[in-house]
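To keep things clear, I will list the structure first and then write my remarks on it.
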Amino acid sequence: MQKILLFLAITLASLLTHAQAPASFKYQAVIRDASGAVIANKLVDLRSTIRQGSGNGQIVYQYSDTLRTNQFGLLVENVGEGNLTDFNAINWKHGPYF
């Protein structure tokens, strides 16, 4: 009896859970100049691009933004928050994406 109840509980739990595509994801980078020195506390232009199939594949999402680095040259971007219409239209099951 306990095995049947356990089986039913696991089956019910699996039916109630659903996988979801992310609303956005974080991208972090340390920004450096040509000599390798950290670019701290500066505005930098960043373009986020997601391509389908390969690194040279079709562009399915692209967004440009100007962001400020911190004192360590770290830049944090929430990819997908800039142009929600295009990001939410990505059909993630038809990957891979680059």
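The values are calculated or read from the model by the stated rules, or taken from the named source; none is laboratory data. If you're wondering where the values come from, they're calculated on a predicted model, not measured in any experiment. For neighbour counting, all protein chains shown are included, and Cβ atoms are generated from backbone atoms with ideal geometry for every residue, glycine included. These accessible areas exclude ligands, DNA and RNA; they are computed on the full protein's heavy atoms, side chains included. Shrake-Rupley method; radii C 1.70, N 1.55, O 1.52, S 1.80 Å.
Quick notes on this one:
- Filtering segment 24-41 to residues that are in a loop (DSSP other than H, G, I, E, B) and closer than 30 Å to residue 90 by Cβ leaves 24, 31.
- Candidate set from segment 50-98 (those that are under 16 Å from the mean Cα position of the chain (by Cα) and of a type in the set (Lys, Arg)); member that is nearest to residue 28 (Cα to Cα): 51
- Test: residue 91 is open to solvent by 50 Å² or more (accessible area, probe 1.4 Å) and at pLDDT 95 or above: no
- Residues located in segment 52-82, provided they are over 30 Å from residue 37 (Cα atoms) and buried (at least 16 other Cβ atoms within 10 Å of the Cβ): 52, 60, 61
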